[in-house]
Amino acid sequence: MSIVKRPEIKNTWYLPAILSGMGITFKNMILNLFGKRQMLTLNYPEEKYEYSPRFKGSHVLTVKKDGAIRCTACMLCATHCPADCITILAAEHEDPSVEKFPISYEIDTLRCVYCGFCEEACPVDAIRMGPEWQMPGINGANFVHDIRALAKRPNLKGGVISVVDEEERHKAGI
Amino acid sequence: MPKVHINGIEVEVAEGTKLIDVFLQNNEDIAHYCYHPGLSVAGVCRLCMVEIEGNPRPQIACNTVVQDGMKVTNKSESIKEGVKWVLDFHLINHPLDCPICDQAGECGLQEQYMKFGQYDPEMGERKVKKRKVVDLGSKIVLDTERCILCSRCVRFTDEVTKTNELGIFNRGDRSEIGTVEDKPLNNNYAVNTVDICPVGALTSKDFRFQQRVWYLDDKATVCPGCSTGCNVNAFYNDKGYFRLKPKHNEEINSYWMCDEGRALYRHANKDVRLLQAIEKLGDEQQYLAPGAAAKKVSDLMSSVNKDKVAVVVTGQYSNEEYATLFNELLKPKGISNVYHWKNQESEWNDFDDILLRGDRNPNTKGLLSALDAANIKTSWADLEAKLAAGEIDCLLVIGPEIQEYYKDMPEKISLFSKARKLIWFSANPVEGLSADYIIPAKTYLEKNGTIVNYEGREQKIQQMKTIVSEALTLSDLSYLLVGKDIPFAGTAS
């Protein structure tokens, strides 16, 4: 049950409240006009917000030093994905030291909930959630990103190199 | 009968039982890699250590025979410590391949590590590198690095197939399993070595990288490949069927099955199935729903004199289906021209002395007894004579489900084509067949039923994942051909 307060006399006068509100608006307008305070709004898309590097944005498939894709198609990301948006097809690699690799790796970005479980599950740092967050598309755009889009899109400038390197691990005797 | 105490439980066991069997029979956890109940005892993995009261040191359970009054435990701290260290020794040279290893998820090392291990390795030395991805013929890939030298596969080829292909080569930490000069391991039971391998050293080419095992469910059924009727588990998920593995049944197949039988999941998958019925209209083909096609065939059969209708049956369907066929369709319609299509009858008594029999039909016995019960004594020569004389107007062929075992298929197709109207019932498209109606059938993985093996043993097959839901079982077809509705699954006998 709510308690309804009888309006006090001074609250029945609305003009003072309107005037004080307008006062705040004009004060801010004048301050913004002369740039004395940083504006809270951005002029998107000309201005863009810089998120922290830890921001979980669009996915990146990392590559090895030779440019080949790092993923070993172990399917741990697909297994952990709560949105079931990762589809991997594994195949036999001709190089026996690689053995297994993904012949296709697709993420349905419309299904993805950007939780970052794939990044955590990956044993070889093959998938990361990068800082990019602008992935718009107009009618008919493809939101199912394949290896080409995930590993070699122009923004990545040739690909991100994975921190887990098989050769270094072998040299270390693991 | 000796009585033993296992972890405090008193059990009575048969004379000469191995201690490890007592543990396994009583569902007590005991780590083991080299011991396999279907093979001899090697005692090389040293993991099944137990403490026997009055014995100063731990013993291995697989090579100890029970004696009356033994008090055995594997729950003491010293045993747990011992198992942990033995596991560490096994892992010294084992590569970190789990992400790309097909065994991950059903791997003995992973299970043991999660139970007893979960520690950082204390080994300072480098891992010994061995050969990877060694091609052993058309069925198996060998990874010598992952091998923990339990010698199960070596004993399998020595004792079960007696072909002796595999052996352990080199000494010390450079020991590895393999065949002489990497000769192919192509005997008909080779993939059993993949099943018994507790790690991912031997992997099956057929299943390699197809699916991770944790995506698969399994259900027990009976292999339809021959009249032995080996018990198998079929593994499937949303995408279809992926493999068959043997299921233990001491009286039929023990722990094994042949490699020919392992391929018998493929014909059930959607890419090779007949999805719709096909009707031949002159030179053209029309696709229609199986039920609609059955209705048309029903009208066709009613319009023909019953003496001019013939049915050819094969031994690849279940008892229940034969019973419905005879009782619901043939008896009410008075059709007596029923012929048993026997493929390679001269080979029916062949046996490879392990499992595989020459009769490649899982239910020949069931069909023969159904024919006896319906009092049908017809000979194949009759059918040939009648077809040659043009006396058959409507021929219904209950075709084989597994067509590659019917080597006489082309001749039989040309024989059956002499009938005025040919109706073929089959799960998969039949090569070279131009029948008036081809009606899609369900496979043995999509229906319940009973099949009878060569020695008269009745075994159940069960429905798992339905791949083509519109396809018909032989029972469904029989009901539709007499103009009845298919009974609901709950009420069907």
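The values are calculated or read from the model by the stated rules, or taken from the named source; none is laboratory data. Remember, it's a predicted structure, so these values are computed and weren't measured experimentally. Backbone-built Cβ (ideal geometry, glycine too); neighbour counts: all protein chains shown.
Out of the residues in region B:208-222 meeting the condition of being over 14 Å from the mean Cα position of the chain (by Cα) and within 24 Å of B:His36 (Cβ to Cβ), tell me which one is surrounded by the fewest Cβ atoms within 10 Å (Cβ to Cβ). Walk me through it before giving the result.
Taking region B:208-222 first, the residues over 14 Å from the mean Cα position of the chain (by Cα) are B:208-217.
With within 24 Å of B:His36 (Cβ to Cβ) added as a condition, the list becomes B:208, B:213-214, B:216.
On the way: B:Arg208: 16, B:Val213: 16, B:Trp214: 11, B:Leu216: 20.
Among those residues, the one meeting the criterion is B:Trp214.
Does B:Thr378 satisfy the condition of being among the hydroxyl-bearing types (Ser, Thr, Tyr), in a strand (DSSP E or B), surrounded by fewer than 18 Cβ atoms within 10 Å (Cβ to Cβ) and touching a strand residue (DSSP E or B) at 6+ places or on another chain (Cβ under 9 Å)?
Criteria not met by B:Thr378.
On the given criteria, is B:Cys147 under 30 Å from B:Phe207 (Cβ atoms), more than 14 Å from chain A (Cβ to nearest Cβ), assigned to a loop (DSSP other than H, G, I, E, B) and out of contact with any Gly (no Cβ under 8 Å at 6 or more places or on another chain)?
yes
Is there any pair with a first residue in region B:320-336 that is within 23 Å of B:Gln459 (Cα to Cα) and hydrophobic (A, V, I, L, M, F, W, C) and a second that is modelled with pLDDT under 95 and surrounded by fewer than 19 Cβ atoms within 10 Å (Cβ to Cβ) whose Cβ atoms are under 6 Å apart and which are 6 or more apart or on different chains, and what are they?
What qualifies is B:Phe326/B:Ala374.
Kindly check whether there is at least one residue in region A:115-127 that is within 23 Å of A:Gly67 (Cα to Cα), touching a Pro at 6+ places or on another chain (Cβ under 8 Å) and in contact (Cβ under 8 Å) with a residue 12 or more places away in the chain.
yes
Can you tell me which of A:Thr72, A:Thr87, A:Thr62, A:Thr79 is within 14 Å of chain B (Cβ to nearest Cβ) and within 18 Å of A:Gly159 (Cα to Cα)?
The match here is A:Thr72.
Evaluate the following for A:Gly67: is it away from chain B (no Cβ under 11 Å), of a type outside the set (D, E, K, R) and closer than 22 Å to A:Glu168 by Cα?
When the stated conditions are applied, A:Gly67 passes them.
Looking at (1) more than 30 Å from A:Asp108 (Cα to Cα); (2) at pLDDT below 85, which one does A:Glu50 not meet, given that it meets all the others?
(1)
Yes or no: region A:116-139 includes at least one residue that is of a type in the set (Asp, Glu), within 14 Å of chain B (Cβ to nearest Cβ) and exposed (fewer than 15 other Cβ atoms within 10 Å of the Cβ).
Taking every residue of region A:116-139 in turn, none turns out to be of a type in the set (Asp, Glu), within 14 Å of chain B (Cβ to nearest Cβ) and exposed (fewer than 15 other Cβ atoms within 10 Å of the Cβ).
Within region B:210-229, can one find any residue that is within 14 Å of another protein chain (Cβ to nearest Cβ), part of a loop (DSSP other than H, G, I, E, B) and touching a Leu at 6+ places or on another chain (Cβ under 9 Å)?
yes
Taking only region B:98-130 into account, find how many residues are assigned to a loop (DSSP other than H, G, I, E, B) and either of a type outside the set (Asp, Glu) or out of contact with any Lys or Arg (no Cβ under 7 Å at 6 or more places or on another chain) (or both).
Within region B:98-130, residues that are assigned to a loop (DSSP other than H, G, I, E, B) and either of a type outside the set (Asp, Glu) or out of contact with any Lys or Arg (no Cβ under 7 Å at 6 or more places or on another chain) (or both) number 20.
Restricting to region B:152-186, name every residue that is in contact (Cβ under 8 Å) with a residue 40 or more places away in the chain, more than 21 Å from B:Asp102 (Cβ to Cβ) and not basic (Lys, Arg).
B:Glu159, B:Val160, B:Thr161, B:Asp173
Can you confirm whether B:Glu320 is of a type in the set (Asp, Glu) and within 20 Å of B:Leu477 (Cα to Cα)?
Against the criterion (of a type in the set (Asp, Glu) and within 20 Å of B:Leu477 (Cα to Cα)), B:Glu320 qualifies.
Give the residues of region B:94-137 that are more than 27 Å from A:Ala90 (Cα to Cα), of a type in the set (Lys, Arg) and under 35 Å from the mean Cα position of the chain (by Cα), sorted by residue number.
B:Lys115
Looking at region B:348-375, which of the residues that are among the acidic types (Asp, Glu) and more than 25 Å from B:Phe156 (Cβ to Cβ) is surrounded by the fewest Cβ atoms within 10 Å (Cβ to Cβ)?
The first filter runs over region B:348-375 and keeps only residues among the acidic types (Asp, Glu), leaving B:350, B:352-353, B:359, B:372.
Next cut, more than 25 Å from B:Phe156 (Cβ to Cβ) only: B:359, B:372.
On the way: B:Asp359: 23, B:Asp372: 10.
Going through the qualifying residues, I end up with B:Asp372.
Please determine whether any residue of region A:101-108 is hydroxyl-bearing (Ser, Thr, Tyr), touching a Leu at 6+ places or on another chain (Cβ under 6 Å) and within 13 Å of chain B (Cβ to nearest Cβ).
The first filter runs over region A:101-108 and keeps only residues hydroxyl-bearing (Ser, Thr, Tyr), leaving A:104-105.
Then keep just the ones that are touching a Leu at 6+ places or on another chain (Cβ under 6 Å); that gives A:104.
The next check asks that each one be within 13 Å of chain B (Cβ to nearest Cβ); those that pass are A:104.
Yes: region A:101-108 contains one or more residues that are hydroxyl-bearing (Ser, Thr, Tyr), touching a Leu at 6+ places or on another chain (Cβ under 6 Å) and within 13 Å of chain B (Cβ to nearest Cβ).
Hey, any hits in region B:98-113 for a residue that's of a type outside the set (D, E, K, R), exposed (fewer than 13 other Cβ atoms within 10 Å of the Cβ) and at negative phi?
no
Would you check which residues across region B:66-97 are at pLDDT 90 or above, within 14 Å of chain A (Cβ to nearest Cβ) and part of a helix (DSSP H, G or I) and list them?
Within region B:66-97, no residue meets the criteria.
So how many residues does region A:140-164 have that are away from every other protein chain (no Cβ under 14 Å), more than 16 Å from the chain's Cα centre (by Cα) and not hydrophobic (A, V, I, L, M, F, W, C)? Show your work before the answer.
Quick first cut of region A:140-164, residues away from every other protein chain (no Cβ under 14 Å) only: A:140-161, A:163.
With the extra rule that they be more than 16 Å from the chain's Cα centre (by Cα), the set shrinks to A:140-142, A:146-148, A:152, A:154, A:157-159, A:161, A:163.
Now drop any that are not not hydrophobic (A, V, I, L, M, F, W, C), which leaves A:140, A:142, A:146, A:148, A:152, A:154, A:157-159.
Adding up the residues that qualify gives 9.
Residue under question is A:Ile18, and the condition is that it be more than 37 Å from the chain's Cα centre (by Cα), aliphatic (A, V, I, L, M) and either under 30 Å from A:Pro131 (Cα atoms) or not in a loop (DSSP other than H, G, I, E, B) (or both); does it hold? Before you say what the answer is, go through the steps one by one.
Numbers: more than 37 Å from the chain's Cα centre (by Cα): yes; aliphatic (A, V, I, L, M): yes; either under 30 Å from A:Pro131 (Cα atoms) or not in a loop (DSSP other than H, G, I, E, B) (or both): yes.
Against the criterion (more than 37 Å from the chain's Cα centre (by Cα), aliphatic (A, V, I, L, M) and either under 30 Å from A:Pro131 (Cα atoms) or not in a loop (DSSP other than H, G, I, E, B) (or both)), A:Ile18 qualifies.
Which residues, counting only those in region B:38-54, are surrounded by 15 or more Cβ atoms within 10 Å (Cβ to Cβ) and more than 19 Å from B:Leu87 (Cα to Cα)?
Scanning region B:38-54 gives B:Gly38, B:Leu39, B:Val41, B:Ile52.
Does at least one position in region B:106-119 carry a residue that is closer than 20 Å to A:Ala73 by Cα, within 14 Å of chain A (Cβ to nearest Cβ) and out of contact with any Leu (no Cβ under 8 Å at 6 or more places or on another chain)? It would help to see each step written out before you state the result.
Our first condition is that a residue be closer than 20 Å to A:Ala73 by Cα; within region B:106-119, this holds for B:106-107, B:110.
With the extra rule that they be within 14 Å of chain A (Cβ to nearest Cβ), the set shrinks to B:107, B:110.
From what is left, the residues that are out of contact with any Leu (no Cβ under 8 Å at 6 or more places or on another chain) are B:107, B:110.
Yes: one or more hits.
Please determine whether any residue of region B:132-144 is touching a residue at least 60 places away in the same chain (Cβ under 8 Å) and within 11 Å of another protein chain (Cβ to nearest Cβ).
Yes; the residues of region B:132-144 include at least one that is touching a residue at least 60 places away in the same chain (Cβ under 8 Å) and within 11 Å of another protein chain (Cβ to nearest Cβ).
Could you list all residues from region A:32-46 that are surrounded by 10 or more Cβ atoms within 10 Å (Cβ to Cβ) and under 27 Å from A:Met129 (Cβ atoms)?
Result: A:Leu42, single match.
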